[in-house]
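Data first, discussion second: the structure below is written as structure tokens.
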Amino acid sequence: MSKLCKLLGALLVLAAFAVPGPVQAQSAGAKAQAERSAEQPGNNAPVWRDVKSGEKNYTTLPQHQGAVLIQSPLRFTGQSAFATAGEAWRNFRNGPLIFYGGWLLVVAALAILAYYLVKGTMKLKHAPTGRLIERFNSLERIAHWSTAISFVILALSGLIILFGKFVLLPVIGYTLFAWLSALAKNLHNFVGPYFILSLLLTIVLFVRDNFWHASDAKWIAKGGGLLSGNEVPSGRFNFGEKGWFWIGVVLLGVIMSVTGLIMLFPNFDQLRETMQQANVIHVIGAVVFIALSFAHIYLGTIGMEGAYQSMRSGYVDEEWAKEHHQLWYDDVKAGKIPAKSTGAAAGAPQHQH
Ligand code: HEM
């Protein structure tokens with residue numbers, strides 16, 4: 001029963017975020033707060049002015065720590081600059097996390113751009129045959145795009161929450177930024193759980209072809225041939241793709257999901273400190289995940305001819321399969337892997353005899 005109450009409470013937390021209503025305050029500041037909330041949803045400055053004034057207030061929040069508005073002073077640090085645990089977390093988030101996280105994203109984007117300018121799009125060495133092989137079935141494509149689209153929404157909304165105050169606010173002003181960040185926050189809250197479901201489906205569908213294979217050792221030894229241009233024969237997925245699966249999708253996906261849920265549902269008696277730790281891990285995970293995703297998105301679009309089409313239509317040309325995944329191609333041809341071929345996909349080019 002108490003579990004049920006907690007789950008219902010969790011849904012209420014989500015609903016509360018969906019409608020940014022005025023914050024309740026038992027003071028003269030209530031009116032000011034109601035006005036501020038209407039103009040700039042999420043801006044609680046008037047209430048906090050009351051809190052800091054030393055006036056006595058009360059809370060009806062049931063969680064333990066619910067009545068603690070300002071955390072106790074730190075016990076474990078002698079740093080006088082950090083007056084409270086809340087301040088220490090805030091300074092860490094707004095200091096090193098934002099600084100190094102921001103630079104990591106900029107450097108990753110520039111590295112991909114430089115690679116593209118030097119190498120250009122990786123094209124097929126020989127002409128396509130016109131004969132097609134099914135590479136991804138429709139369920140795999142639904143799982144992939146559902147995870148990918150929700151990831152992009154989470155990444156963009158998360159970046160607005162993380163950097164917006166420093167990067168966007170000075171440019172677009174308070175009113176627009178208040179609405180934009182409220183939108184980002186609500187999108188993030190609702191898309192988060194959806195992302196987790198898509199992620200789990202993606203992991204279940206793709207795990208089979210991402211286990212270690214003897215050919216991976218050769219791929220590692222030659223750095224995948226990405227720099228030499230001579231690709232090492234690989235199975236359905238090469239070692240680089242497997243790295244993205246295990247480190248990106250599985251490890252970072254699970255870290256983001258667990259830490260996200262800890263912050264999203266504060267009604268399971270977790271302490272504020274736990275949520276601050278979850279926030280720090282969530283931010284580090286986010287910038288690493290987004291930086292890695294640049295490489296994946298690059299290779300899946302302008303970096304490699306035919307890659308985007310394969311996840312869009314589900315089909316690849318035989319020549320593409322041979323050049324990029326030779327061992328997979330051999331197995332399909334030998335009938336070891338059942339895969340539909342030519343003309344089976346609606347809209348796919350027809351078999352050329
Ligand atoms: C995997 C993709 C995800 C990325 C790239 C991402 C990114 C971010 C970023 C950058 C922040 C800002 C942190 C800050 O400003 O301190 C954030 C906050 C947050 N994220 Fe995520 N996140 C992801 C997934 C999730 C998931 C799956 C959930 C929940 C199920 C979630 C829930 C939250 C919550 C509750 C916050 C706190 C927002 C606030 O400051 O009020 N996130 N996320």
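Figures for the structure shown
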{"quantity": "Derived scalar couplings ³J(HN,Hα) [the range 274-286; Karplus, 6.51 cos²θ - 1.76 cosθ + 1.60; whole Hz; x for Gly, Pro]", "calculated": "4, 5, 5, 5, 4, 4, 5, 5, 4, 5, 4, x, 4"}
{"quantity": "Pairwise FRET efficiency - Trp145 versus Tyr58, Cβ, R0 = 30 Å, nearest 0.05", "calculated": "0.05"}
{"quantity": "Three principal axis lengths of the range 85-333 [C-alpha, angstrom, descending]", "calculated": "60, 39, 33"}
{"quantity": "Ordering of 232-239, 162-169 by burial proxy (mean other Cβ atoms within 10 Å per residue, highest first)", "calculated": "232-239, 162-169"}
{"quantity": "Principal semi-axes in Å for the range 144-282 [√(5λ), Cα gyration tensor, largest first]", "calculated": "36, 19, 14"}
{"quantity": "Residues Leu251 and Trp212, FRET efficiency given R0 of 22 Å [Cβ-Cβ distance, rounded to 0.05]", "calculated": "0.90"}
{"quantity": "Linear extension gain, Lys333 paired with Tyr100, 0.36 nm per residue minus alpha-carbon span", "calculated": "79.0 nm"}
{"quantity": "Value of relative contact order over the range 149-228, rounded to a whole percent, pairs C-alpha under 8 Å and six or more apart", "calculated": "35"}
{"quantity": "Average Cα contact separation per residue, the range 85-333, under 8 Å, 6 or more apart, as relative contact order %", "calculated": "35"}
{"quantity": "Cut-off under 5 Å, modelled amide H: who pairs with Met122 long-range", "calculated": "Met304, Glu305"}
{"quantity": "More than 14 angstrom apart: percent of Cα pairs within the range 292-335", "calculated": "53"}
{"quantity": "Hits among aspartates and glutamates - C-alpha to C-alpha of Lys165 under 19 Å, sequence gap 8 or more where chains match", "calculated": "Glu39, Glu87"}
{"quantity": "Per-residue HN-Hα couplings for the range 205-212 [Karplus 6.51, -1.76, 1.60; θ = phi - 60°; Hz; x = Gly/Pro]", "calculated": "6, 9, 4, 3, 8, 10, 6, 4"}
{"quantity": "Over 20 Å (Cα to Cα) - which of Lys222/Lys242; Lys218/Lys340; Lys123/Lys336; Lys31/Lys52 fall in this group", "calculated": "Lys218/Lys340; Lys123/Lys336"}
{"quantity": "Theoretical gain in end-to-end length, Ala127 to Ile161 [0.36 nm per residue, Cα-Cα removed]", "calculated": "7.6 nm"}
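Here, each number is a calculation from the coordinates, and none is a lab measurement. Keep in mind that what you see is a predicted model, and the values were worked out from it rather than measured. Heads up, the Cβs are rebuilt from the backbone with ideal geometry, glycines too, and the neighbour counts pull from every protein chain shown.
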